[in-house]
Amino acid sequence: MCPKVSQEHLQKRRAKIIKAAVQVFIKHGYERATMKHVMEEAEVSRGGLYQYFSNKEDLYETILKEALVKEVSENKELLEGSVDSYWELLLTSMHGKAMEPSDEMDKFVPSNLEFFITGRNDERRIKYGRDRYYNVFEIYDSVIKAGQNSGEFSKKYNSEIIARSIVAFNDGIALHSILPKEDIKIKEQSIMFIEYLKMALGVDNP
């Protein structure tokens, strides 16, 4: 029984560190955040932190990877279940359960921007960025392809190109995440982009 309890404790402490790190990166951004900030936020010792993560980059990549794995897994589960509307599933993949765009941007986006731009010449980060791109792309492509195969979506345009356009749109919005939301007008742009998707996929107004 002891090893099991010990493993549970380790997992809980790791989860606590990751949760604290998310708040640190949101507050300070990727570049200015330090492992010391994370130690203080998570209330762990230096040894306790480095027991799980070797450096800030390792910690940040873990946060991104676990969030992406969860998103991919949830999307796969939805696709494997009974789907009444692939259009609604696509909107859910893009905007969450509300299925509607808003002016609120994910608070983690500015840190992601820093992480990838400052690592543009780093081979490890380039590889991770590529892997991440194709995982996100696959989420949209799988929904669109399934919708086309079911007859709900038009096959006029290649599913891959439409999926890439969604990724490009999201990344384009992210590039301006340092600006006030009233300058970016995320909701207005997103509504117009949804109209483009309706046209490309042959979706009538629901």
For the stretch 143-154, take each phi angle, set θ = phi - 60°, evaluate the Karplus expression 6.51 cos²θ - 1.76 cosθ + 1.60, and give the result in whole Hz per residue in order, putting x for glycine and proline.
5, 4, 4, 5, x, 5, 5, 7, x, 6, 9, 5
Arrange the peptides 142-152, 64-74 so that the one whose residues have, on average, the most other Cβ atoms within 10 Å appears first.
142-152, 64-74
Calculate one ³J(HN,Hα) per residue across the stretch 28-42 by plugging θ = phi - 60° into the Karplus curve 6.51 cos²θ - 1.76 cosθ + 1.60, and present them in order as whole Hz with x for glycine and proline.
9, x, 5, 5, 8, 5, 10, 5, 5, 4, 5, 4, 5, 5, 8
With a 31 Å threshold on alpha-carbon distance, the violating pairs from 56/187; 107/198; 65/145; 97/181; 156/187 are 56/187
How big is the Rg/Rh ratio for the stretch 136-206, C-alpha atoms only, Rh by Kirkwood, two decimals?
1.03
Could you work out what % of the accessible surface of the stretch 15-132 is carbon and sulfur, using a 1.4 angstrom probe and leaving DNA, RNA and ligands out of the count?
49
Rounded accessible area of residue 62 (nearest 10 Å², 1.4 Å probe)
20
In debye, nearest 20, what is the charge dipole magnitude of the stretch 47-144 about its Cα centre with +1 on Lys and Arg Cβ and -1 on Asp and Glu Cβ, if you could check?
460
Computed on Cα atoms only, the convex hull of the stretch 71-137 has an orientation-averaged projected area in nm² of 5.6
Could you give each residue of the stretch 49-66 its phi-based ³J(HN,Hα) in whole Hz, using Karplus coefficients 6.51, -1.76, 1.60 with θ = phi - 60°, and x for Gly or Pro?
6, 6, 5, 9, 9, 6, 6, 5, 5, 4, 5, 5, 4, 4, 4, 5, 5, 5
Computed [θ] at 222 nm, helices only, for the chain once each DSSP H run of length n ≥ 4 contributes -39500 (n - 2.57):
-24500 deg cm²/dmol
Using a Debye calculation, one point per C-alpha and no hydration shell, please list log10 I(q)/I(0) for the stretch 20-124 at q = 0.09, 0.11, 0.18 Å⁻¹ in order.
-0.33, -0.48, -0.96
The local net charge around residue 36, scoring Lys/Arg +1 and Asp/Glu -1 for residues other than residue 36 whose Cβ lies under 13 Å from its Cβ, equals 0
Listed residues 189, 11, 23; largest mean-square fluctuation, Gaussian network over the chain with Cα springs below 10 Å, found at 11
Find the Rg to Rh ratio for the chain, where Rh is the Kirkwood radius over alpha-carbon pairs and Rg uses the same atoms.
1.02
Per residue, what accessible area does the chain have, given a 1.4 Å probe and all protein chains present, in Å²?
62
How much of residue 159 can a 1.4 Å solvent probe reach, expressed as accessible area in Å² and rounded to 10?
10
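The values are calculated or read from the model by the stated rules, or taken from the named source; none is laboratory data. Note that the structure is a prediction, hence the values are computed from the model and not measured. No Cβ is skipped: glycine too gets one built from the backbone with ideal geometry, and neighbour counts run over all protein chains shown. Calculation scope for accessible area: heavy atoms of the full protein, side chains included, ligands and nucleic acids excluded. Shrake-Rupley method; radii C 1.70, N 1.55, O 1.52, S 1.80 Å.
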